[in-house]
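The values are calculated or read from the model by the stated rules, or taken from the named source; none is laboratory data. Since we're looking at a predicted model, the values are computed, not measured. With ideal geometry, Cβ positions are generated from the backbone for all residues, glycine too; neighbour counts draw on all protein chains shown.
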Amino acid sequence: MNNMNKIDDLFREAMTGYKMTPAPGLWLRIERHFFPPSKYRPSGLITSVLLLSIAGLMPWILIPANDQDEKKPVLPEGNFKRGYLIETITPVEIKPDGNGDYRISARSFTVRPTVYEEKEAIPEAGASEQFIASINDPADDPAIRPILIANRQHIADLAEPAIPNTAVKEGLLKDASIAFLESHPVGLIQYSRYIEEMKISAELRKTSLTPYHEKSYVRKGEFSAGLNFNPSIVFYDPNPYNKMLGGDATISYKMFSFSIMTGIGYSRMEDVSTYKVDYMTNDSVGYFIRVIGFIPDPRNPGEITYITRQEAIYDSVPHYTIEDKTNYYSYIDIPFSVGYTLLQTHRISLTIDAGIKFSLLVDRDEPDIDFRISDAELINVERQVPARLNTNWRFTAGVDFGYILSDRFSLHLEPVFEQYISPVYAKQPGYLPRKPYLTGVKAGIRYNF
Amino acid sequence: MNSDEQIISGCREGKRKAFSKLFDTYAPVMMGVCMRYCKNRIDAEDVMQDGFIKVFGQIHKFRGDGSLEGWIKRIMINAAIDSYQANLKHAFHEDVTENKLSAQIADMDDHCDDDLPPELQIPHKKLMEMIQELPDGYRMVFNLFAIENYSHKEIAALLGISENTSKTQLLKARKALRRKIEAIIEHSHINRISTV
């Protein structure tokens with residue numbers, strides 16, 4: 001339409017490209033629609049990190065320092081070497097299995113630094129004079145077989161009271177050997193040296209042991225159960241973050257440097273959701289001219305001057321506002337991960353692990369909107385963020401720092417990273433799919449069976 | 001992040017900075033558009049909020065055929081129409097007979113020259129106030145016809161009214177605006193005389 005009207009031209013020229021600065025709060029309102037804010041402030045984040053750091057350092061603060069690593073054994077005069085002494089933790093248990101045989105309980109070993117004197121091996125000497133060195137289970141170690149065989153009679157004599165019917169046979173008598181080993185010190189010569197010597201002579205050296213230190217513990221091939229507390233921050237990239245608290249009970253099996261872990265956990269996650277709240281208020285919507293009187297014009301009969309008053313018209317007018325509300329969601333988590341121990345000393349372990357975690361939504365805590373506009377009638381509350389899905393999968397990875405308190409207990413602190421593999425929200429047009437990630441700390445205690 | 005392409009690409013990826021940049025770039029112009037369609041600043045900001053939420057939600061649909069500003073402006077106008085239609089009960093009271101007569105007058109009015117003085121200088125802010133003071137229906141039609149250059153047929157389709165009603169509303173809007181302009185002219189004339 002070719003518009004020739006001057007009124008139109010006047011306004012078109014003036015209004016084309018006319019700019020006005022919007023209120024500063026307008027962007028915040030729009031931003032909150034797409035990026036719901038978190039009530040988890042950075043100050044809270046910093047506080048949490050500090051508390052967790054302190055919690056993680058507590059074992060080092062509360063437990064007296066064990067300086068055995070720094071405290072080098074004083075080597076006596078002679079051909080003494082530094083090594084490690086292996087001893088069984090508990091006396092061996094030999095029980096009849098009901099079929100006429102005997103069963104020996106599973107054993108655990110302690111390892112402690114020591115000093116030993118290297119001597120020539122004398123296979124034909126009495127068993128009590130031998131120092132048996134092994135880096136494996138002594139009963140299975142071919143390196144000690146010559147000694148066991150050479151002393152089989154003595155072993156059988158020793159074993160006799162415990163295993164009355166054990167026959168003395170050629171070769172390794174495993175059960176009897178174990179019984180024998182339980183009552184004698186079993187030493188571990190430093191690994192590299194041991195191998196080297198075996199290559200040269202294939203013969204063990206006789207040593208005398210000088211136990212030096214108090215207990216320290218390293219274990220292998222075992223089940224353990226753990227209890228963990230797991231605070232995390234969930235990042236809805238590019239959204240701000242929300243917090244999640246959780247805990248789990250785990251069971252793991254470790255064989256050499258590898259371990260597998262599973263368990264069950266519970267987590268409670270915050271989620272700040274945005275709602276569009278429609279309401280009505282009684283507003284002025286226009287006006288009308290009320291005639292309140294008139295004056296006839298005496299000079300012009302028939303002409304009347306009306307006296308008028310402008311009056312406002314009120315009506316209910318719809319409005320809406322965008323409100324934020326914190327909802328809480330509870331999940332049952334089932335983790336599964338595999339780990340590899342990079343470092344294992346008598347006190348400290350460092351393990352990397354990775355795996356997956358399945359989460360099942362078990363509870364939604366979505367309180368009502370707190371609508372506080374006076375003289376307004378609430379019409380409708382429409383959730384802008386899609387509903388949460390009932391199940392999720394996520395990838396997990398972490399680096400576990402372990403501190404071994406005793407042969408049974410160890411403390412663990414593990415920074416963890418988890419990435420959701422599937423979106424957390426149901427599909428909704430106009431809303432970007434969210435696959436958040438989270439970082440947190442897993443702190444807990446583990447019991448070794 | 002400066003060009004429209006970068007902003008659009010960032011918005012499609014859901015980047016907050018891109019959203020913010022797009023808003024900062026186009027908000028002043030769009031605020032001017034929304035103000036024209038609303039009777040006050042509060043309503044204009046409501047419309048603009050709706051409009052930008054739609055812009056961000058539908059940015060993936062922008063194909064780059066026209067300018068980004070034009071695309072956003074169309075969304076703002078649609079948001080204003082949505083808002084207006086939500087309050088439709090206050091707007092038009094159609095009288096078929098009156099509409100027909102007025103429409104004929106409006107057709108003539110489209111092509112007539114007004115007697116506005118050529119040296120007329122009215123601040124843009126004042127002109128904006130004049131538009132905002134119009135009744136809702138007048139304002140909608142006047143904006144769409146006079147400023148956006150929509151035809152009566154298009155306006156009728158957009159607002160769900162007849163073409164005659166659109167023409168009538170335009171005529172009344174122009175008259176109302178003319179009265180306001182004349183009042184300003186008269187006022188300035190009186191002032192000039194009194195200063196002399």
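Take the conditions (1) at pLDDT below 85; (2) surrounded by 12 or more Cβ atoms within 10 Å (Cβ to Cβ); (3) assigned to a helix (DSSP H, G or I); B:Arg139 misses just one of them, which is (1). Out of B:Val29, B:Val33, one residue alone is within 21 Å of A:His319 (Cα to Cα), in contact with a helix residue (DSSP H, G or I) (Cβ under 8 Å, 6 or more places away or on another chain) and either at the interface with chain A (Cβ under 10 Å from one of its Cβ atoms) or free of Cβ contacts under 8 Å to residues at least 60 places away in the same chain (or both). It is B:Val33.
Between A:Glu382, A:Glu377, the distinction of being within 30 Å of A:Asp315 (Cβ to Cβ), surrounded by fewer than 18 Cβ atoms within 10 Å (Cβ to Cβ) and within 14 Å of another protein chain (Cβ to nearest Cβ) belongs to A:Glu382 only.
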